[in-house]
Amino acid sequence: MTKQPKILIIGALGQIGTELTTALSAKYGEANVFPSDIARENEQPNYIALNALQHDRIEQVVLDKGITQIYLLAAMLSANGEKDINAAWTLNVQSLMSVLQIARDHKLDKIFWPSSIAIFGPTSAKHNCRQHARAEPITVYGISKKAGEHFCNYYFENFGVDVRSLRFPGLISHTAPPGGGTTDYAVDIYHKAIRDGHFNCFLEEDCCLPMMYMPDAIRATLELMEAPKEKISIRTSYNIAGMSFAPCDIAAAIRDHIPGFTMQCAPDFRQAIAESWPASVDDTQAGADWGWEPAFNLENMTADMLQHIKEAHK
Ligand code: AKB
């Protein structure tokens, strides 16, 4: 019988963590998954209160629970990061440095850490932005993710730490809300469409960005982590694509289900962040190395989102 991994998820109560915890528990058994977050208490099985910045405490949990894999999801996203530069840099980079160091010291099997399309900047290609495209980010979040990608590669090259990463686009889900990103509008719009029939958007209506439905993001994470080590040719972080759309496109897709839906755009500081990112990314390498292919487009995601949100309101 193959030995099951013992998995620590840091940042388990966030947008990705909520669904990843469920997926990993289903795959490896609830007893082998330890969700953790900064909140003191939570009702999830095996929940551990853990601050991502406390190196010694993370190390203690790794030893106490016999952890073999860590998924580090705690992060401050692009919009919030601009409001507190030091806090964003510290959380995003220091937590990663701790986890990489612990993985090295205790010879952990695997680490997952999400990067973002925010590593790209105004000098990157706007369309089908390639894996190794020029990347000069203009946000603290993007700078911290780019630095983090290089630290991942460094720990792999120098110490053999098997750390794997994906450059997530904007993630859309109906379970947990996103926390302070530039792409958050694409979640909020569905809730407001059902509740008010109207949405005030903080981006221009034609501002196109790469996006992904959460079921695809979770599947991508599991597929990357299951791939044989020799198949992983990128040790910074993989470009992965789902779909690309602008606020006017998502509004039109919603109108197919809610005909009277209206949207008004009043761009704020997040517009400049969004404009600095590519509209679409090229994920050929992820497809070639471990078979990545998205399942959701704007139409089937919209139908699914609206159905789930309506059910939750019943
Ligand atoms: C954000 O908007 O900051 C994030 C991201 C693109 O990584 N969703």
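The values are calculated or read from the model by the stated rules, or taken from the named source; none is laboratory data. Source: prediction; values computed, not measured. Please note: Cβ atoms are built from the backbone with ideal geometry, for glycine as well, and neighbour counts cover all protein chains shown.
Return yes or no: is Ala103 in a helix (DSSP H, G or I), at pLDDT 95 or above, touching a helix residue (DSSP H, G or I) at 6+ places or on another chain (Cβ under 9 Å) and within 26 Å of Arg235 (Cβ to Cβ)? Judged against the criteria, Ala103 is a match. Output the residues belonging to region 251-278 that are β-branched (Val, Ile, Thr) and in contact with a Ser or Thr (Cβ under 7 Å, 6 or more places away or on another chain). Hits for region 251-278 are Ile254, Ile273. Condition check: within 15 Å of the ligand (Cβ to nearest atom), surrounded by 17 or more Cβ atoms within 10 Å (Cβ to Cβ) and touching a residue at least 12 places away in the same chain (Cβ under 8 Å). Does Ile111 satisfy that? Answer is no for this residue.
Sub-6 Å Cβ pairs linking a first residue in region 168-182 that is in contact (Cβ under 8 Å) with a residue 60 or more places away in the chain and closer than 25 Å to Thr236 by Cβ to a second residue that is within 11 Å of the ligand (Cβ to nearest atom) and of a type in the set (D, E, K, R), at least 6 apart or interchain, are Pro178/Asp184; Thr182/Arg270, ordered by first then second residue. Going through region 67-84 one residue at a time, which ones are surrounded by fewer than 24 Cβ atoms within 10 Å (Cβ to Cβ) and farther than 26 Å from Trp277 by Cα? Result: Ile67, Thr68, Gln69. Go through region 12-45 and give me each residue that's part of a loop (DSSP other than H, G, I, E, B) and either farther than 14 Å from Gln69 by Cβ or aromatic (Phe, Trp, Tyr) (or both). Selection gives Leu13, Gly14, Ile38, Ala39, Arg40, Glu41, Asn42, Glu43, Gln44, Pro45.
For region 233-256, the set of residues classified as over 19 Å from the mean Cα position of the chain (by Cα) and over 16 Å from Ile117 (Cβ atoms) consists of Ser233, Pro247, Cys248, Asp249, Ile250, Ala251, Ala252, Ala253, Ile254, Arg255, Asp256, listed by residue number. Selection of first residues in region 145-162 that are within 16 Å of Val93 (Cβ to Cβ) and of second residues that are part of a loop (DSSP other than H, G, I, E, B) and modelled with pLDDT under 95, restricted to Cβ pairs under 6 Å at least 6 apart or on distinct chains, gives an empty result.
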